[in-house]
Structure formats: structure tokens, C-alpha cells
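A.B. asks: Questions regarding the structure given below will be posed in turn.
Bear in mind these aren't lab numbers, they're just calculated from the coordinates by the rules spelled out. The structure displayed is predicted, hence computed values, not measured ones. Cβ placement follows ideal geometry from the backbone for every residue including glycine, while neighbour counts extend to all protein chains displayed.
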2 protein chains.
Amino acid sequence: MLILILIEFSKNKIYQSVYFVYICFMQTKSELTKQFILETVAPIFNKNGYAATSMSDLTEATGLTKGAIYGNFKNKETLAIAAFKFTVKALLKRIAKHLELSDSPIQKLFLISDFYRNYYDYSKQLGGCPVLNIGVDANNQNTLLLEHVKIVIEKIQDQIATIIENGIEAGEISTEINAMQYAKRIDTMIQGAVFMTYTMDDEFYIKDTMKQIDQMIHNDLKA
Amino acid sequence: MLILILIEFSKNKIYQSVYFVYICFMQTKSELTKQFILETVAPIFNKNGYAATSMSDLTEATGLTKGAIYGNFKNKETLAIAAFKFTVKALLKRIAKHLELSDSPIQKLFLISDFYRNYYDYSKQLGGCPVLNIGVDANNQNTLLLEHVKIVIEKIQDQIATIIENGIEAGEISTEINAMQYAKRIDTMIQGAVFMTYTMDDEFYIKDTMKQIDQMIHNDLKA
DNA sequence: CTAATAATATACCATTTGGTATATTTTAAA
DNA sequence: TTTAAAATATACCAAATGGTATATTATTAG
């Protein structure tokens, strides 16, 4: 009932459902609006790409006006970058959570392929794979955005490489293995599979590639 | 000297250098213009994507006016599709030529990885990999264009699968191998490598992936 | 409850968009 | 060289673009 009272407190239609959270945890009103804009706008940018997304697409989707959006974000590019970061943050958090299911490095590697096995369904909510979509879209178009994609890719590869290194230290993985090279191989195969799955609209690619990665882990990596 | 005389014959600046060829082999004037538009426009569409390419980009690049372009192509979409086909035709022809270097199916597979080993430099002339760029760009945006990308991917995979099947028949490749599955695996890895190479601007990915494919051919495929 | 401020909506801007009707030029045939 | 047709250039269109100045509304502190 406390929630209802607090809802009544606000005259704004959009935020009513999350207003309780806002009152309790959020800083300012605009912080909440920013959040709302980002989660609404992110999948649109991700789906359409930067140039194919117009500000009117965003005002329609959010139900807000340009005044509200430009009051919270300097311009379209800033918004697109913030949206990309928003999506990636959610994605990386989800992966990290999945990797908590085991402490064993080699099991963590299997958990990575396990995560991507269901990635088609999950990433559709995000408007597609942000790394692939924005990576291709930003190339030759938006240097700043491309830099952010690069950073994300490096981060993912570092994480995989660290897992492999931990596996080597733990004696689970052969000392012959070049951790970063294998991390890059796995990442490259995943991105290829994501591209093929989306373009052909066929999950065979992602399922089969994850099988292949599992085989690699079994045959090449294991000590 | 004959060439010079024929060049003098034309008052149009753009076509002078190829006018001899036109006089001898080409059908109509507009056929030549179409060709010229396509080869100029294709890398622009490929680099920028459909939405980020404006008609004025194309008139500037070609030195022609909208009248000339719309006189030869119904609209922007038709032109983009024709441009994609133009690029892919050149690419597939180049691959086919490279594959002529050997008659042995297993050697042809090695020639595929060999071709893509230098794909970064080559595809830059095309404005990037058309399959990757247009595939991602057209998704959620341009159904017709996406269909054409799908067809190209299927064609490439069929060709690889056929080579593998020929290898099986010739006794070079193990009968255990599922030709189409392996064709798709190879194609998926290539596309992943192309994406990573472009996005990270680092040829490691394409070079290393081709090594990996060669290893696969050696270890898994050979009879 | 009121005043100051923060957040959002409105109305507008010049520029660019894809596309077209028409005028002009270029070409090919007689 | 003249003429019909083909190809291209010009000038224009309404609609949409990203962005902004200002008016209006919500919010918060006193």
C-alpha cells in the first residue's frame, strides 16, 4: 500500500510502475528518465543501426518529446554510445552470473559455450548482438562508437584468457596452450556463429559452433 | 591510334578511357553507364550501409546527376541490390579463379583458406566484406536485400560442400564427414574472422583462423 | 503554500532526404 | 546534316532530418 501512495505522489504516467524504486533508490528524477530512455532506445539502435535510427523513432518509442531526450543526452551520438554501453552492461552481467555456476576453469569454459547456445533467444531482446551489430555498423561511420565496441571485445577476450590461465595454473588445462590465442579463437567462432544465425535465421550455426567449441576444449585444452 | 580516334568520337568525359571497349563489346550507352554507376556506388553502399548512404553521396562519387542515376535504376533500393550483386559477382569470380589452381578437392579446400588469408586487403577494395556488411545492415531493415545475402551464403556453402563431397568420392576425405555441416563450419569461422579482423583492425584473426581451418582439414577431414 | 529550479513539451529552424517532371543534351540512324 | 530517340541535367517537390530556443509543467526546498 505504501507503493500505491507513492505512485499517487507522481502525476507522471510513464514512471508510475517503477516510482517506488525511484523514491527509495534513485538519485534524481532525470536519472530515472535517463534509465528509461536508455532501456527503450538501446534495442532500437541495436536493431536499426545508428543512421537508420531517427530521433522521431526514439520519441515515438519512448512517448517522450525531443525536449526530454535532448535534455538528458547531448545529441544522437552520445545517446547511441550510452545505449550501447547499457546493452553491453546487461549482457556482461548475465554472462558473469552464468559463469558463477562453477568454480572450475574448464567448467567455466563449457559454461561460456553453454551461455551462447541460447544466445539467439536472449539477444533478440537486446535487438540483436550489440557487438556484432554496432561493430559492423560503426565501422567507417562512427569512430567513437567503434572504439567502445573494441573495448568490449578486448574485455571479453581478456576474461576468457584469464579463465584459461587459471585453468593452466590449476592443472586443468595443458601448459602448451596460448591462453590469449585460444580466447580469440573462441570469441571469433562465437561471433561468426552469431552472424550466421541472425543472417540465415537458423540456430544450427550457433548450436553447432558451441558443439565445436566444446570439442576443442575436450581435445585441445585439457591437460 | 584506332583507340584515340574512337575516344575523340565521344564528347563525354567519364567514358573516354573505356570507350573503345564500349564501341567493340558493349550493347548500349546506358549499359555502360549502369556498369560505371555500379562499380562506383557498390563500395559506398558496402562501407556505409543502405540508410547511411544518400543519393547525394552517389551523385558526388559518380559525378553524375540524379537524372542519370534514376534513369538507369528505379530507386535507391534497386540500386543497392544491384550494387551488392555486382560486388558479390566480382568476389565469387575471384574465388573461383583461385580454386582453379588445383584439381584435388583437398587442395581446393586449402586454397579456400589460402584465399581468405589475404582477404582483408582484397575486400577493402570492395568496401569491406559484402556478405558481412550487407548481411548485418539489411537485417531488420531491408528484407529484399537480406534475401540476396542469404542466397549468396547458401551458394558459397554449397560450393564448399560439393568440394568436400568430391573429396569423399575421390577417397581423399573420410566418408565419415558430413559435407554440408563442415562447409557451414568453415564458412562460419571465416565470417567470424572477417568480422573480428575488420572491427579490431587486426589481421591476426583472419590469419589465425585460416591456420585453424587448415588444421581441421588435416586432422578431421583427411581419409 | 510559495518561489526557485529542474525537467519536459512545443514550436520552430535550416538542411537534407528520396524522388520526379521537364528541359536539355547526346547519340545513332537516315 | 538532319531528325527522332535515348540519356542526362536541371529545377523542383513534400516530407523528414537533427537540433534548439522558448514556453510550460513538475518537483523540491523553504
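A.B. asks: From the backbone phi of segment B:201-213, what are the Karplus-calculated ³J(HN,Hα) couplings (6.51 cos²θ - 1.76 cosθ + 1.60, θ = phi - 60°) in whole Hz, Gly and Pro given as x?
C.D. replies: 6, 8, 6, 3, 4, 6, 5, 5, 5, 5, 4, 4, 5
A.B. asks: Net charge near A:LEU91, counting Lys/Arg +1 and Asp/Glu -1 over other residues with Cβ under 14 Å of its Cβ?
C.D. replies: Values: positive: A:LYS85, A:LYS89, A:LYS93, A:ARG94, A:LYS97, A:LYS124, A:LYS155; negative: A:GLU39, A:ASP121, A:ASP187.
After counting each charged neighbour, the total is +4.
A.B. asks: If you don't mind, there's one more thing I want to ask. Defining a contact as two alpha carbons under 8 Å apart and six or more residues distant in sequence, what relative contact order in percent does segment A:84-223 show?
C.D. replies: Numbers: 122 pairs, mean separation 40.8, N = 140.
Rounded, it is 29 percent for segment A:84-223.
A.B. asks: Less than 11 Å Cβ to Cβ from A:ARG117, Lys/Arg counted +1 and Asp/Glu -1: what total charge do the surrounding residues give?
C.D. replies: Numbers: positive: A:LYS207, A:LYS211; negative: A:ASP114, A:ASP121, A:GLU203, A:ASP208, A:ASP214.
Around A:ARG117, the charge tally is -3.
A.B. asks: Say the dipole of segment B:35-88 comes from +1 at the beta carbon of Lys and Arg and -1 at that of Asp and Glu; which of B:GLY63, B:THR53, B:VAL88 then lies farthest toward its positive end?
C.D. replies: B:VAL88
A.B. asks: Of A:LEU109, A:ILE37, A:HIS218, which is farthest towards the positive pole of chain A's charge dipole, taken about the Cα centre with +1 and -1 on the beta-carbons of Lys, Arg and Asp, Glu respectively?
C.D. replies: Farthest towards the positive end: A:ILE37.
A.B. asks: Here's something else I'd like to know. For chain B, take the longest principal axis of its alpha carbons; what is the angle in degrees between that and the long axis of helix B:29-48, to the nearest 10 within 0 to 90?
C.D. replies: The angle comes out near 50 degrees.
A.B. asks: Another one. Once you list every other residue whose beta carbon is under 14 Å from the beta carbon of A:GLU172, what net charge do they have if Lys and Arg are +1 and Asp and Glu are -1?
C.D. replies: Working: positive: A:LYS108, A:LYS222; negative: A:ASP103, A:GLU165, A:GLU169, A:GLU176, A:ASP220.
Neighbourhood net charge equals -3.
A.B. asks: Apply the Karplus curve 6.51 cos²θ - 1.76 cosθ + 1.60, θ = phi - 60°, to the phi angles in segment A:165-170 and return the couplings in whole Hz, x for Gly and Pro.
C.D. replies: Per residue, the Karplus-derived 3J(HN,Hα) values read 4, 4, x, 5, 4, 7 Hz.
A.B. asks: Per-residue ellipticity at 222 nm for chain B, helices alone: DSSP H runs ≥ 4 residues times -39500 (n - 2.57), over residue total, nearest 500 deg cm²/dmol?
C.D. replies: Numbers: 12 runs with 165 residues, N = 223.
Roughly -24000 deg cm²/dmol at 222 nm, from the helical runs in chain B.
A.B. asks: Which listed residue (B:MET180, B:ALA170, B:TYR122) has the Cα farthest towards the positive end of the charge dipole for segment B:84-223, taking +1 on Lys and Arg C-beta and -1 on Asp and Glu C-beta about the Cα centre?
C.D. replies: My answer, from the dipole projection, is B:TYR122.
A.B. asks: So how do B:169-179, A:199-209 stack up, highest first, on mean other-Cβ count within 10 Å? Let's see the in-between values first.
C.D. replies: Working: B:169-179: 13.9, A:199-209: 18.6.
So the peptides B:169-179, A:199-209, ranked by packing, come out A:199-209, B:169-179.
A.B. asks: Another question, then. Can you list the aspartates and glutamates whose alpha carbon sits under 13 Å from that of A:LYS76, skipping same-chain ones fewer than 8 residues off?
C.D. replies: Within the straight-line cut-off, A:LYS76 pairs with A:ASP57.
A.B. asks: So what's the gap between the Cα centers of segment A:88-152 and segment A:169-208, to the nearest angstrom?
C.D. replies: The two parts, judged by their Cα centres, are 12 Å apart.
A.B. asks: Now, a different point. Name the long-range amide H neighbours of A:ILE173: under 5 Å, sequence gap of 5 or more, or other chain; modelled H, no Pro or chain starts.
C.D. replies: A:ILE168, A:ALA223
A.B. asks: If you don't mind, another one. Taking every Cα atom in segment B:84-223, find the radius of gyration and the maximum pairwise distance Dmax, and write them in Å.
C.D. replies: 15.0, 45
A.B. asks: What are the ³J(HN,Hα) values, in whole Hz, obtained from phi via the Karplus relation 6.51 cos²θ - 1.76 cosθ + 1.60 with θ = phi - 60°, for each residue of segment B:67-77 in sequence order, with x given for Gly and Pro?
C.D. replies: 3J(HN,Hα) across segment B:67-77, in whole Hz: x, 5, 5, 6, x, 9, 9, 4, 7, 4, 5.
A.B. asks: Let me spell out the model: positive unit charges on the Cβ of Lys and Arg, negative unit charges on the Cβ of Asp and Glu, origin at the Cα centre of segment B:84-223. What dipole size does that give, in debye rounded to 20? Don't skip to the answer; put the middle values down first.
C.D. replies: Working: 15 positive and 19 negative charges, 82 e Å.
The calculation lands at about 400 debye.
A.B. asks: Just to compare against my own numbers: the Cα pair-distance distribution for the protein assembly as shown, 20 Å bins, whole % per bin, please.
C.D. replies: Calculated over all Cα pairs of the protein assembly as shown, the distribution is 22, 48, 25, 5, 0 percent.
A.B. asks: Let me ask something else. For the protein assembly as shown, give the magnitude of the charge dipole about the Cα centre (Cβ charges: +1 Lys/Arg, -1 Asp/Glu; no others), in debye to the nearest 20.
C.D. replies: Working: 46 positive and 50 negative charges, 342 e Å.
Its charge dipole is roughly 1640 debye.
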